[in-house]
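J.: Pasting a structure below so you can have a look.
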Amino acid sequence: MTTHTEYHRPDSLEEALALLGRASPVTRPLAGGTRLSAGSRPPAALVDLAALPLAEIARPG
């Protein structure tokens with residue numbers, strides 16, 4: 001079972017990107033789902049994107 005040590009709910013996209021861009025701890029976005037895909041390493045920190053005015057998220061290229 002994974003224990004998350006940090007929970008963030010940023011008010012701006014810039015703050016969210018800064019949190020998600022940190023090298024440590026392993027940080028993952030949380031956006032409306034009920035299941036979190038941890039990937040190769042379980043996240044120690046979560047960034048809740050629900051408060052941000054996002055219509056969509058797209059990866060360039």
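The values are calculated or read from the model by the stated rules, or taken from the named source; none is laboratory data. Worth saying up front: this structure is predicted, and the values here are computed from it rather than measured. Positions of Cβ are generated from backbone atoms using ideal geometry, with glycine treated the same way; all protein chains shown enter the neighbour counts.
J.: Just for the range 24-61: of the residues that are among the small types (G, A, S) and modelled with pLDDT of 85 or more, which one is nearest to D11 (Cα to Cα)?
T.: Among residues in the range 24-61 that are among the small types (G, A, S) and modelled with pLDDT of 85 or more, the one nearest to D11 (Cα to Cα) is A51.
J.: Among what's in the range 45-58 and is over 9 Å from Y7 (Cα atoms) and either of a type in the set (S, T, Y) or within 11 Å of the chain's Cα centre (by Cα) (or both), pick the residue that is surrounded by the fewest Cβ atoms within 10 Å (Cβ to Cβ).
T.: A50
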